[in-house]
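Structure first, then comments.
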């Protein structure tokens with residue numbers, strides 16, 4: 001009796017196995033699981049801990065989660081360094097993104113035209129993107145060196161700065177032999193923003209280039225035949241057709257810039273004078289990790305949340321609109 | 001008066017000679033069609049006239065002015081693209097008004113013009129819609145309205161009907177031709193569809209390999225094709241070509257009929273025809289089969305009008321007849337049209353396949 005039972009049950013098992021592999025529900029869950037676990041463990045959990053920390057008084061010396069309190073927020077808010085960092089974060093993001101959108105548009109428009117050596121120019125412009133942020137920023141640290149800055153050397157030779165050891169000559173830009181890019185309060189912020197633009201420009205340019213090439217050549221031809229000038233073409237045809245993708249470039253830029261600490265940390269450590277160029281991310285790092293005040297660091301980071309949430313919502317709306325179309 | 005003239009127009013893309021010496025003269029109010037297979041240079045020719053492409057060689061005159069170095073807007077031309085190229089983010093009104101804005105026309109005049117153009121093409125009720133809310137036929141009308149609103153000297157149409165479905169196309173053809181007559185605007189029309197070309201063109205220029213093979217009225221092209229390319233490009237089904245001695249004989253499918261029904265032929269030439277297949281299409285019958293030629297049996301097609309009710313079956317040989325006046329003669333090596341080659345009555349039989 002047992003032999004026929006085995007023979008009968010075998011095909012059944014085979015179909016069941018096939019069913020399992022073809023079952024979209026099972027397969028879907030299985031395929032999504034790794035990503036799901038990754039997000040929960042490395043994004044969700046730390047985020048929840050940060051929220052929890054922000055409402056506690058934990059430090060590295062006293063990591064016990066024993067009190068829930070709003071005092072941490074009160075202390076953080078009252079700190080003038082935090083206030084400076086909060087304002088700086090917005091200045092840093094808004095100015096760099098505004099300039100970047102303009103430059104990326106010009107670059108993208110230029111790079112979608114045909115000219116000899118286009119591949120080389122494209123390659124060079126995309127290069128900063130391929131460089132690790134820290135290394136690129138360290139390169140800029142040298143460019144901005146207080147004594148040996150090559151930019152200063154060029155400025156000196158153009159007469160914008162005073163020549164070393166030449167008496168009587170006056171620099172047009174500044175009556176000194178060096179700019180001290182990272183040593184003067186306003187100039188340091190300028191330098192930080194400049195490097196951030198350098199860093200973000202390739203990505204925005206590539207995104208906008210993709211948008212430009214997606215506009216049908218027939219539309220471009222129609223504009224030519226209809227006889228409008230380039231400004232009107234850009235404002236009334238290119239820009240409206242580019243708007244969704246431009247927004248994507250801008251939102252990415254905002255996220256990467258608003259949460260960035262590398263550029264500030266490597267270039268200025270938040271100075272000069274101390275903490276004048278601090279942004280939320282670098283201030284949270286200094287507070288929470290370097291000083292070991294986990295709760296204040298977490299509370300500082302919480303102030304990024306509204307901006308990032310807003311950006312995420314807009315992104316989701318764009319994504320849904322493109323899906324509906 | 002010649003509105004458009006091209007002299008020795010050439011466009012080379014590297015080694016590819018897309019357009020290789022085109023001389024065209026388009027008369028005032030004329031509807032001229034550039035007809036040819038894809039890649040024959042017809043669209044490039046039109047784009048050069050529009051100013052979207054710079055000629056490698058040759059000159060273009062519009063309204064007597066040499067316009068080689070003029071940008072499109074200075075040429076006073078309007079173009080309708082195959083894809084219509086409507087601005088997707090603008091309403092129909094703004095699409096039509098767009099060329100007028102470039103001329104810095106005041107709002108009131110603009111509105112009048114747009115309403116005139118929209119009325120012309122019966123799309124006045126669609127002015128507030130966006131292009132994606134329109135059907136294919138409506139989009140095409142918007143594109144046409146946008147083109148005429150500026151009252152251009154020259155109207156360029158690049159396969160404007162090819163995105164419409166077959167039913168709509170026949171109607172659109174008729175309408176388009178009517179609008180053109182009404183407006184009297186000089187028109188250059190590019191198409192690969194010989195039915196459109198024959199049906200709409202005052203004259204048709206057949207292009208191939210970057211050159212104009214023949215320029216003439218549809219009748220001229222059909223009756224006296226200048227070479228075997230033109231002969232086989234026009235007509236559906238196209239002209240039959242049969243080798244005979246030193247030349248190639250050409251005849252249209254509807255010119256060869258069964259001798260039994262085709263009695264009063266002035267100068268008959270009898271051809272035995274082995275029918276291999278009969279295709280019944282309602283208004284006519286297509287007969288596929290073989291006739292003898294210098295190269296052995298050659299496949300030909302004949303079209304029998306439905307008036308001829310004589311039963312014809314596949315597998316039989318019938319005595320077919322054609323008027324010698326309906327024959328075209330082409331040189332075997334140059335493939336160009338030559339004067340009729342006389343041949344004796346006896347040898348007139350192209351020959352049986354058996």
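Being surrounded by 18 or more Cβ atoms within 10 Å (Cβ to Cβ) and free of Cβ contacts under 8 Å to residues at least 24 places away in the same chain, is that true of even one residue in segment A:312-320?
Residues of segment A:312-320 that are surrounded by 18 or more Cβ atoms within 10 Å (Cβ to Cβ), as a first pass: none.
Looking through segment A:312-320, none of the residues is surrounded by 18 or more Cβ atoms within 10 Å (Cβ to Cβ) and free of Cβ contacts under 8 Å to residues at least 24 places away in the same chain.
Tally up the residues in segment B:195-216 that are farther than 28 Å from residue B:17 by Cβ and assigned to a loop (DSSP other than H, G, I, E, B), please. If you could, list the steps in order and put the result at the bottom.
Looking only at segment B:195-216, we keep the residues that are farther than 28 Å from residue B:17 by Cβ, and these are B:195, B:199-200, B:202.
Checking the rest, the ones that are also assigned to a loop (DSSP other than H, G, I, E, B) come to B:202.
Residues meeting the conditions: 1.
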(Q) Among the residues in segment B:162-174, are any within 30 Å of residue B:20 (Cα to Cα), in contact with a helix residue (DSSP H, G or I) (Cβ under 7 Å, 6 or more places away or on another chain), at pLDDT 90 or above and not in a helix (DSSP H, G or I)? (A) no
Q.
Please determine whether any residue of segment B:262-285 is modelled with pLDDT of 90 or more and in contact with a helix residue (DSSP H, G or I) (Cβ under 9 Å, 6 or more places away or on another chain).
A. yes
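Let's see how each residue does on (1) in contact with a helix residue (DSSP H, G or I) (Cβ under 9 Å, 6 or more places away or on another chain); (2) surrounded by 21 or more Cβ atoms within 10 Å (Cβ to Cβ); (3) within 14 Å of another protein chain (Cβ to nearest Cβ):
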{"site": "A:171", "(1), (2), (3)": "yes, no, no"}
{"site": "A:188", "(1), (2), (3)": "yes, yes, no"}
{"site": "A:198", "(1), (2), (3)": "yes, no, no"}
{"site": "A:203", "(1), (2), (3)": "yes, no, no"}
{"site": "A:220", "(1), (2), (3)": "yes, no, yes"}
{"site": "A:223", "(1), (2), (3)": "yes, yes, yes"}
{"site": "A:227", "(1), (2), (3)": "yes, yes, yes"}
Q: Mind listing just one residue for me: the one in segment B:106-137 that is within 14 Å of chain A (Cβ to nearest Cβ) and assigned to a helix (DSSP H, G or I) and, of those, nearest to residue B:176 (Cα to Cα)?
A: B:117
**Q.** Elements of type strands (runs of 3 or more DSSP E) in segment B:261-330, at least 2 residues being in the same structural domain as residue B:249 (by TED's automatic domain parsing) and over 32 Å from the mean Cα position of the chain (by Cα)
**A.** B:268-280, B:317-323
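Please go through segment B:65-103 and give me each residue that is part of a strand (DSSP E or B), under 23 Å from residue B:176 (Cβ atoms) and more than 8 Å from chain A (Cβ to nearest Cβ), ordered by number.
Within segment B:65-103, the first condition is being part of a strand (DSSP E or B), and the residues that meet it are B:65-66, B:77-80.
Those left that are additionally under 23 Å from residue B:176 (Cβ atoms): B:77-80.
Scanning segment B:65-103 gives a single hit, B:80.
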Q) If you take the residues in segment B:176-215 that are touching a strand residue (DSSP E or B) at 6+ places or on another chain (Cβ under 9 Å) and on the phi > 0 side of the Ramachandran plot, which one is surrounded by the most Cβ atoms within 10 Å (Cβ to Cβ)? A) B:210
Q. Of (1) under 30 Å from residue A:316 (Cα atoms); (2) surrounded by fewer than 21 Cβ atoms within 10 Å (Cβ to Cβ); (3) within 11 Å of chain B (Cβ to nearest Cβ), residue A:235 satisfies all except one. Which?
A. (3)
(Q) Going residue by residue through segment A:268-287, is there one that turns out to be within 11 Å of chain B (Cβ to nearest Cβ) and buried (at least 17 other Cβ atoms within 10 Å of the Cβ)? (A) no
**Q.** Selection count where residues are surrounded by 21 or more Cβ atoms within 10 Å (Cβ to Cβ) and assigned to a helix (DSSP H, G or I), scope segment B:138-156
**A.** 10
Q. So, of the residues in segment B:53-64 that are modelled with pLDDT of 90 or more and either more than 13 Å from every other protein chain (Cβ to nearest Cβ) or buried (at least 21 other Cβ atoms within 10 Å of the Cβ) (or both), which turns out to be farthest from residue B:211 (Cα to Cα)?
A. B:62
Q: Within segment A:205-218, count every residue that is within 14 Å of chain B (Cβ to nearest Cβ) and either in a helix (DSSP H, G or I) or surrounded by 18 or more Cβ atoms within 10 Å (Cβ to Cβ) (or both).
A: 3
Q) Quick one: residue B:139 ticks every box in (1) touching a residue at least 40 places away in the same chain (Cβ under 8 Å); (2) out of contact with any helix residue (DSSP H, G or I) (no Cβ under 9 Å at 6 or more places or on another chain) bar one, so which box is it? A) (2)
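Inside segment B:216-237, can you point out the residues that are more than 17 Å from residue B:334 (Cβ to Cβ) and surrounded by 18 or more Cβ atoms within 10 Å (Cβ to Cβ)?
Going residue by residue through segment B:216-237, those that are more than 17 Å from residue B:334 (Cβ to Cβ) are B:216-223, B:233-237.
Scanning segment B:216-237 gives B:216, B:218, B:221, B:222, B:233, B:234, B:235.
Taking the stated definitions as given, is residue B:48 buried (at least 20 other Cβ atoms within 10 Å of the Cβ) and assigned by TED's automatic domain parsing to the domain that holds residue B:218?
Details: buried (at least 20 other Cβ atoms within 10 Å of the Cβ): yes; assigned by TED's automatic domain parsing to the domain that holds residue B:218: yes.
The answer is yes for residue B:48.
The values are calculated or read from the model by the stated rules, or taken from the named source; none is laboratory data. Keep in mind that what you see is a predicted model, and the values were worked out from it rather than measured. Virtual Cβ from ideal backbone geometry, glycine too; neighbours counted across all protein chains shown.
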